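The values are calculated or read from the model by the stated rules, or taken from the named source; none is laboratory data. Keep in mind it's a predicted model, so treat the numbers as computed, not measured. Positions of Cβ are generated from backbone atoms using ideal geometry, with glycine treated the same way; all protein chains shown enter the neighbour counts. Each accessible area value is taken on the protein alone, full model and side chains, heavy atoms only, with ligands, DNA and RNA left out. Shrake-Rupley method; radii C 1.70, N 1.55, O 1.52, S 1.80 Å.
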Amino acid sequence: MIKTLPLPLEIYPSQILREKARELKQKELQNQEIKQLILNMAKTMRENAGVGLAAPQIGVSKRIALIEILSDNPRYPNQREVSLVVLINPKITRRSFHKELGEEGCLSIPEVFGLVKRSLKIKVKALDQEGKKIKFKATGFFARVIQHEVDHLNGVLFIDKTKEITKGKEILESMTNNF
Ligand code: ZN
């Protein structure tokens with residue numbers, strides 16, 4: 001039987017959060033180790049009330065991102081629900097010119113929130129957890145979360161893009177100074 005465990009989060013300014021994560025080969029998705037990693041990532045995301053989680057956030061530099069948006073999420077309440085999506089090697093193939101400013105946080109930068117401009121509509125290509133090619137469109141908050149997670153896979157954090165820190169400015173400053 002597979003035991004699913006929540007994993008410890010990498011917290012800013014951890015170096016792995018700044019690395020470009022490596023692509024997975026289609027056949028790697030047959031590995032029990034990767035299947036287990038995805039289960040553990042889902043558990044970690046849920047236990048921390050996240051709406052998304054990228055593998056570098058649990059110390060694995062691979063291009064895997066999970067998204068799950070529940071309307072009762074305390075961090076981002078009343079968003080349109082999206083059931084669990086597993087994205088392997090995701091690529092944003094189109095981004096709308098039309099952008100929207102919205103508040104974001106990150107499980108790797110606890111208690112800090114800021115306003116970030118993101119494309120309102122995007123098109124995404126990826127592999128699913130079975131290694132099948134998928135293609136879809138996303139809008140609004142779902143599109144925002146995908147853009148945030150794909151940034152993680154490229155070593156980019158929302159604090160690099162924020163127009164204004166709305167919560168936890170002192171916390172962020174102390175984290176940065178301790179680096
Ligand atoms: Zn994040």
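Just to check your reading of the model, which residue among Ile122, Ile109, Ile146 is within 16 Å of the ligand (Cβ to nearest atom), touching a helix residue (DSSP H, G or I) at 6+ places or on another chain (Cβ under 8 Å) and not hydroxyl-bearing (Ser, Thr, Tyr)?
Values: Ile122 fails: within 16 Å of the ligand (Cβ to nearest atom); Ile146 fails: touching a helix residue (DSSP H, G or I) at 6+ places or on another chain (Cβ under 8 Å).
Within the list Ile122, Ile109, Ile146, the selection yields Ile109.
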*Flag for Ile69 being modelled with pLDDT of 95 or more and either touching a Ser or Thr at 6+ places or on another chain (Cβ under 6 Å) or open to solvent by less than 10 Å² (accessible area, probe 1.4 Å) (or both)*: yes
*asked:* If I ask for residues that are more than 12 Å from the ligand (Cβ to nearest atom) and among the β-branched types (Val, Ile, Thr), which ones from segment 44-78 would you list?
replied: Thr44, Val60, Ile64, Ile69
*Where Ile64 falls short, out of the listed (1) open to solvent by less than 20 Å² (accessible area, probe 1.4 Å); (2) within 28 Å of Thr166 (Cα to Cα)*: (2)
*Conditions (1) in contact (Cβ under 8 Å) with a residue 60 or more places away in the chain; (2) within 17 Å of Leu153 (Cβ to Cβ); (3) of a type outside the set (Val, Ile, Thr): number failed by Glu103*: (2)
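Would you say Arg94 is free of Cβ contacts under 8 Å to residues at least 40 places away in the same chain and under 18 Å from Gly155 (Cα atoms)? Spell out the reasoning first.
Values: free of Cβ contacts under 8 Å to residues at least 40 places away in the same chain: yes; under 18 Å from Gly155 (Cα atoms): no.
Against the criterion (free of Cβ contacts under 8 Å to residues at least 40 places away in the same chain and under 18 Å from Gly155 (Cα atoms)), Arg94 does not qualify.
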*Evaluate segment 151-171: report whether one residue or more is open to solvent by 40 Å² or more (accessible area, probe 1.4 Å), away from the ligand (no atom under 16 Å from the Cβ), among the hydrophobic types (A, V, I, L, M, F, W, C) and out of contact with any helix residue (DSSP H, G or I) (no Cβ under 6 Å at 6 or more places or on another chain).*
no
*Just name the residue that is nearest to the ligand (Cβ to nearest atom) out of those in segment 18-42 that are under 14 Å from the mean Cα position of the chain (by Cα) and either without any contact (Cβ under 8 Å) to a residue 60 or more places away in the chain or on the phi > 0 side of the Ramachandran plot (or both).*
Met41
